[in-house]
1. Quote to one decimal, in nm, the extra length available between Ser68 and Gln131 on full extension: 0.36 nm per residue of separation minus the C-alpha distance between them.
2. Can you tell me how much longer the chain between Glu27 and Asp165 gets when fully stretched, taken as 0.36 nm per residue apart minus their C-alpha distance, in nm with one decimal?
3. Could you sort out which of Lys110/Lys233; Lys71/Lys233; Lys25/Lys71 sit more than 20 Å apart by Cα distance in this structure?
4. Using amide H atoms built 1.01 Å from N in the peptide plane, name the residues 5+ places from Leu73, or on other chains, whose amide H lies under 5 Å from its own.
Amino acid sequence: MIGTPSRQIEVVLTVTPTGFKPITKVESPSVVLGACREVLDLLLSAYTNCGQLLHRDISSGNVLVNQSTGKPLVIDWECGSSAYTAQTDSLKHVRVGTKDTMSITVLSQKTHTFSADVESLIYLVWKTMGQHLQKPAFNRGIKVGEISVEEWLRFDTRCLRVATDDLISRRRGLWSPDSTFLLDIEQEFPKLAGFFEFLTSLSRTTGTLGFSRPRKGALGEEDIVNVVSEVFKRGQEMLGDTWAQ
């Protein structure tokens, strides 16, 4: 997307461009998080410089990474709109996005804000990393409550078969400061301590930002980006370039 709010040229890609691959296929945690930090800056630039433009469909098929440079490319802006249009859609009870990365507010048919795009990016990070974990214990059917560990980690197409209210409840529980979910599953995967340390840090951040339950005095767009970007940066330092074995 190129241009000013009054004149925009949008490129819609129907095939993955040469040299790029979906972020979920990227092998390095550091590259994944580095690319997502740049996506945060891109989302902020689109919102700030293009009439409060929101992407509204941050998902595994729409965030690509250059295999040589690690630079991200965000595609498929056809769901994008101004914050005003997004608010109008919410009043019509229209949900826009991909369910497995959809924010709690959008699932709840509340207005789609800038923070909803950031929350979707966080779910994309969660899904990407979960897909690369070694899964020797999954075959044992480990569960936390009624949810399998694999289902929680991957956040994949199973979401499409989960009732919306149930998915909202699960995500609110995940980001709750009282949640013991991450501690519970870390006991099952002790070799992945760095990964769960990162997720715990991320969980605390999203709780602070009020993604699960929007709060008064919420941070502005730039502050949200700064907070989440710093957590991603710490994640790069914790996880490095290879997955724990």
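Laboratory data are not the source of any read-out in this text; all were calculated from the coordinates shown. Keep in mind the model is a prediction, meaning the values are calculated, not measured.
1. 20.5 nm
2. In short, 46.4 nm is gained.
3. Check vs 20 Å cut-off fails for Lys110/Lys233.
4. Residues meeting the criterion, in which the H sits 1.01 Å from N, are Leu64, Val65, Asn66.
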